[in-house]
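Take a look at the structure set out below.
Laboratory data are not the source of any read-out in this text; all were calculated from the coordinates shown. Only a predicted model underlies this, so the values are computations on that prediction, with no experimental measurement involved. With ideal geometry, Cβ positions are generated from the backbone for all residues, glycine too; neighbour counts draw on all protein chains shown.
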Amino acid sequence: MAKNKKDKDMIHFSGRRHTRGGIGSTIMGLIVLVSFIIISIVSASYKGDAGMVVGVIGLLIFVLAILGFVTSVKAFKEQDIFYRFPIIGAVLNGLMIIILFILYILALL
């Protein structure tokens, strides 16, 4: 068996794995976050008058955040997995959905 503590840490007794959905939702969340930062900088450089293209890009990243959140929820339903990436994807996409939704509500007021 294991001879020292380091060898004991390397032993895995289950067939758990990282899910594609969890990794995909995390990647989608990172794309949404980076895109949001970029369009925020562009909008700030135009003093809030960036135009229709930035608004459409904002709606597209909102849809991507929803898709990433749904993907992470589906990844939670798989059996015998590591939960790191689905949790990161759900939190990141969920926060971005909330932030983008609040911005759109404020724009309507």
For residue 81, which sequence-distant residues (separation of 5 or more, or a different chain) have an amide H within less than 5 Å of its own amide H, given hydrogens modelled in the peptide plane? 17
Which residues in the range 27-63 place their backbone N less than 16 Å from a point set 7 Å from the Cα of residue 108 along the Cα-to-Cβ direction? 59, 62-63
Read phi for every residue in the range 38-55 and hand back ³J(HN,Hα) as whole Hz from Karplus 6.51 cos²θ - 1.76 cosθ + 1.60, θ = phi - 60°, with x for Gly and Pro. 5, 6, 5, 5, 5, 5, 5, 5, 8, 6, x, 10, 7, x, 5, 5, 5, x
Difference of contour (0.36 nm per residue) and Cα-Cα distance, residue 17 to residue 43: 5.3 nm
Check: the chain dipole with +1 on Lys, Arg Cβ and -1 on Asp, Glu Cβ, in debye: 580
Calculated over the range 42-83: convex hull of Cα atoms, volume per residue (Å³): 70
Convex hull volume of the Cα atoms in the chain, per residue, in Å³? 108
Averaging sequence separations of C-alpha pairs under 8 Å and six or more residues apart, then dividing by the length of the chain, give the relative contact order as a whole percent. 42
